[in-house]
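**Q** Got a structure for you, questions after.
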């Protein structure tokens, strides 16, 4: 447990090896103040139970030892029953591997353990779920035993001597399992079925991450801090479209690679610096992808069209490489990027001695942040049915978020990962109720005194999806209900107690409304009028939502190196100044030209479309080289107060949805360039660092490549996890709540 530092060993173990796909940004060794800041960070984390006592750690080791012994006994007994020779039975082996937070060394008090049972080739998966399940059932100390054989990764869940364990299974194509078995060897995947490969993937990814970080102790402490911060800030949930544990681990690992000698306090600050400036959807990679010629599907936007639509790709380092952030949506990415910027501002203050680490871990007041909310309620008549129903509904909430994002009147749909128990006075028919809340930012359309918004279809299609899925897996039971209601902030007290809704100190940086659009925090409509002054009613005529508007992507054109240089040359500034960029509304797919300026003015020449940070559909179709400052506009363009804008009248018309064969060839070539963009940009940043320091102004800097993104919202692919649309919506007598949700926004 890193409750204090051995400074001598830290300096002696300073890594010399090169890690990652680029050179490090800084090799600066830690200073005395860094040790002090890191110790203060540890003290700030202690009250949250992130460090286990020695006794608890030893108990976990004891439980894992017992489980490993059980596995060996079971495989030996099974081998005898299958008439294997005694000489084979004596050495057949079997082993328990751990993965996830426990294997990374960042588990918290009371956390479960993710474990893998590895068996030789003669042990079938059916044996694991039958004879081993029965052996566990007969074991003293085993409680709450249940098998989930039809899961994406089949698992047996149980509690062993007070420790919760999720145990998955894989059999290898070998006769015996050695205690020295190394699962990082890609050849272990040969001749395995897909379920075994998925089961092995957790261990292989975890082990690969640990092999790719320069200093494991610094990595672990930094990851503990970032995971605690993410949970406190409400952005830790893979199922709801935020990031899960392995994704946070990979982001921290990349930070460690770029600053291999830094301590945890510095690494936390650099984490926020890097990922508040990251040019999504450029992928985060810990190593160059390798092909093991096993013909397994891997993440590759050059080959797989669906991979081009991922908004925040973080690629696992073990073969077969996968994107661990498939569930991220436009809204969840915008919320996370906003939190990265908030974290950067706070850690700037902390490292300057103006604030303390507890400030970083303050929770946001989600219920004071938005003017409009959707309350999603799932209820059931029994506790067992409620647990099943809540799990299914929660796993599909991101479908609702996607539906709302495609509504042209909605800028952002922010789901709070925390669920709340329902008010029994409101739900007298159901004893077991859970509620989720989604904060909504509406857009006001141009020249409209009032607009009628109908969310009925967006929400009804979501509830139909949930009921269809429940019906397909025979889960739907009498009393299972799902409802969605629109409420205003002032109405939340009907659903939640006052202590949850109470106001907290306002954030020290602009709210989400500003950072989504890149403009001041007043929420602005297409015509520039304010949205914050709106009142609303829940009545109005039915309004059929037209097809969604295309959103224009914004890419940060500053590199990490330049950011660091500007920070050093302007020490009086508490944090990096936000970039001002023009967002031209262009009827051209595949065009995004961010230009740096001092102040953004919007005239009739350029109508600004406000959208969540980043693009909706990041299909890369080309690459432009944009100078830092434009001194003379090209034909068809205008300079407004020194900022390049584009006259939409002089722009080519929209391309058809299906490109020609020549365009397809060109797109694939451009996609191939993107895969190396991450390497190219960081190499160029490091290589040009010294020379860029000598320049007197930004106007003298060289151009850098900017990926061009297709932002057509209508091209988004449907989720692969959704059931076939032809599946029938259940027609039994179980109640399906159907009601319209309409509201009117007035000036």
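The values are calculated or read from the model by the stated rules, or taken from the named source; none is laboratory data. Computed from a predicted model, the values in this text were never measured in an experiment. Here the Cβ positions follow ideal geometry from the backbone for every residue, glycine too, while neighbour counts run over all protein chains shown.
**Q** Report yes if some residue within the range 258-277 is modelled with pLDDT of 95 or more, outside any helix (DSSP H, G or I) and within 21 Å of the chain's Cα centre (by Cα); otherwise report no. Outline the logic, then answer.
**A** Here is the first cut: in the range 258-277, the residues modelled with pLDDT of 95 or more are 258-277.
Remaining after also requiring outside any helix (DSSP H, G or I): 259-263, 277.
Now drop any that are not within 21 Å of the chain's Cα centre (by Cα), which leaves 277.
Yes, the conditions are met somewhere in the range 258-277.
**Q** Right, here's the next one. Among 118, 153, which is the only one that is under 32 Å from the mean Cα position of the chain (by Cα) and under 20 Å from residue 175 (Cα atoms)? Walk me through how you get there before you give the answer.
**A** Details: 153 fails: under 20 Å from residue 175 (Cα atoms).
After ruling out the rest, the residue left standing is 118.
**Q** Report yes if some residue within the range 487-494 is surrounded by 16 or more Cβ atoms within 10 Å (Cβ to Cβ), at pLDDT 85 or above, over 23 Å from residue 331 (Cβ atoms) and touching a strand residue (DSSP E or B) at 6+ places or on another chain (Cβ under 8 Å); otherwise report no.
**A** For the range 487-494, residues surrounded by 16 or more Cβ atoms within 10 Å (Cβ to Cβ), at pLDDT 85 or above, over 23 Å from residue 331 (Cβ atoms) and touching a strand residue (DSSP E or B) at 6+ places or on another chain (Cβ under 8 Å): absent.
**Q** Could I ask something else about it? Run down 30, 2 and say which single residue is modelled with pLDDT of 95 or more, under 16 Å from residue 267 (Cα atoms) and in contact with a helix residue (DSSP H, G or I) (Cβ under 9 Å, 6 or more places away or on another chain). Step through it out loud before you land on a result.
**A** Values: 2 fails: modelled with pLDDT of 95 or more.
Testing whether each residue is modelled with pLDDT of 95 or more, under 16 Å from residue 267 (Cα atoms) and in contact with a helix residue (DSSP H, G or I) (Cβ under 9 Å, 6 or more places away or on another chain) leaves just 30.
**Q** In addition: Report the residue count in the range 463-482 for those that are under 28 Å from the mean Cα position of the chain (by Cα) and loosely packed, with under 15 Cβ neighbours inside 10 Å. Talk me through it step by step, then tell me what you get.
**A** Narrowing the range 463-482 to residues under 28 Å from the mean Cα position of the chain (by Cα): 463-470, 473, 482.
Next, from what is left, pick out any that are loosely packed, with under 15 Cβ neighbours inside 10 Å: 473.
Result for the range 463-482: 1.
**Q** Another question about this same structure. Just for strands (runs of 3 or more DSSP E) wholly inside the range 377-496: which have at least 3 residues that are in contact with a helix residue (DSSP H, G or I) (Cβ under 8 Å, 6 or more places away or on another chain)?
**A** Working: elements: 410-415, 432-442, 450-454, 481-488.
It comes to 410-415, 432-442, 481-488.
**Q** Do the conditions hold for residue 107, that is, is it in a loop (DSSP other than H, G, I, E, B), crowded, with 17+ Cβ neighbours inside 10 Å, in contact with a helix residue (DSSP H, G or I) (Cβ under 7 Å, 6 or more places away or on another chain) and not assigned by TED's automatic domain parsing to the domain that holds residue 247?
**A** Spelling it out, residue 107 is indeed in a loop (DSSP other than H, G, I, E, B), crowded, with 17+ Cβ neighbours inside 10 Å, in contact with a helix residue (DSSP H, G or I) (Cβ under 7 Å, 6 or more places away or on another chain) and not assigned by TED's automatic domain parsing to the domain that holds residue 247.
**Q** So, in the range 38-71, exactly how many residues are within 17 Å of residue 223 (Cβ to Cβ), part of a helix (DSSP H, G or I) and in contact (Cβ under 8 Å) with a residue 60 or more places away in the chain?
**A** Selection size over the range 38-71: 6.
**Q** Among the residues in the range 322-331, are any assigned by TED's automatic domain parsing to the domain that holds residue 247 and in a helix (DSSP H, G or I)? Break it down stepwise before answering.
**A** Our first condition is that a residue be assigned by TED's automatic domain parsing to the domain that holds residue 247; within the range 322-331, this holds for 322-331.
Narrowing the set further to residues that are in a helix (DSSP H, G or I) leaves 330-331.
For the range 322-331, residues assigned by TED's automatic domain parsing to the domain that holds residue 247 and in a helix (DSSP H, G or I): present.
**Q** Sort through 163, 197, 226 and tell me the only one that's assigned by TED's automatic domain parsing to the domain that holds residue 295 and either touching a helix residue (DSSP H, G or I) at 6+ places or on another chain (Cβ under 8 Å) or without any contact (Cβ under 8 Å) to a residue 12 or more places away in the chain (or both). Steps first, answer last, please.
**A** On the way: 163 fails: assigned by TED's automatic domain parsing to the domain that holds residue 295; 197 fails: assigned by TED's automatic domain parsing to the domain that holds residue 295.
Answer to the selection: 226.
**Q** Is the range 333-356 home to any residue that is part of a helix (DSSP H, G or I), over 30 Å from residue 391 (Cα atoms) and without any contact (Cβ under 8 Å) to a residue 60 or more places away in the chain?
**A** So in the range 333-356, the residues part of a helix (DSSP H, G or I) come out as 333-351.
Still in the running and over 30 Å from residue 391 (Cα atoms): 341-351.
Narrowing the set further to residues that are without any contact (Cβ under 8 Å) to a residue 60 or more places away in the chain leaves none.
So far as the range 333-356 goes, no, none of its residues is part of a helix (DSSP H, G or I), over 30 Å from residue 391 (Cα atoms) and without any contact (Cβ under 8 Å) to a residue 60 or more places away in the chain.
**Q** Return yes when residue 387 is within 25 Å of the chain's Cα centre (by Cα) and without any contact (Cβ under 8 Å) to a residue 24 or more places away in the chain and no when it is not. Reasoning before the result, please.
**A** Values: within 25 Å of the chain's Cα centre (by Cα): yes; without any contact (Cβ under 8 Å) to a residue 24 or more places away in the chain: yes.
Yes: the conditions hold for residue 387.
**Q** Mind listing just one residue for me: the one in the range 182-226 that is surrounded by fewer than 17 Cβ atoms within 10 Å (Cβ to Cβ) and not in a helix (DSSP H, G or I) and, of those, nearest to the chain's Cα centre (by Cα)?
**A** 184
**Q** Select from the range 300-309 the residues that are assigned to a loop (DSSP other than H, G, I, E, B) and surrounded by fewer than 21 Cβ atoms within 10 Å (Cβ to Cβ) and list them in ascending order.
**A** So the first thing to find is which residues in the range 300-309 are assigned to a loop (DSSP other than H, G, I, E, B), and the list is 300-304.
Within the range 300-309, 300, 302, 303, 304 meet the criteria.
**Q** Residue 122 passes all but one of (1) over 30 Å from residue 271 (Cα atoms); (2) assigned to a helix (DSSP H, G or I); which number fails?
**A** Unmet for residue 122, out of (1) over 30 Å from residue 271 (Cα atoms); (2) assigned to a helix (DSSP H, G or I): (2).
**Q** Also, quick follow-up: Which of the residues that make up the range 344-359 are surrounded by fewer than 23 Cβ atoms within 10 Å (Cβ to Cβ) and within 26 Å of residue 501 (Cα to Cα)?
**A** 345, 355, 356, 357, 358, 359
**Q** Tally time: how many residues in the range 78-96 are part of a helix (DSSP H, G or I) and touching a residue at least 24 places away in the same chain (Cβ under 8 Å)? So that I can check it myself, show each step before the final result.
**A** Taking the range 78-96 and keeping what is part of a helix (DSSP H, G or I), we get 78-81, 86-90.
Now narrow it down to the ones that are touching a residue at least 24 places away in the same chain (Cβ under 8 Å): 78-79, 88.
Looking only at that region, the number is 3.
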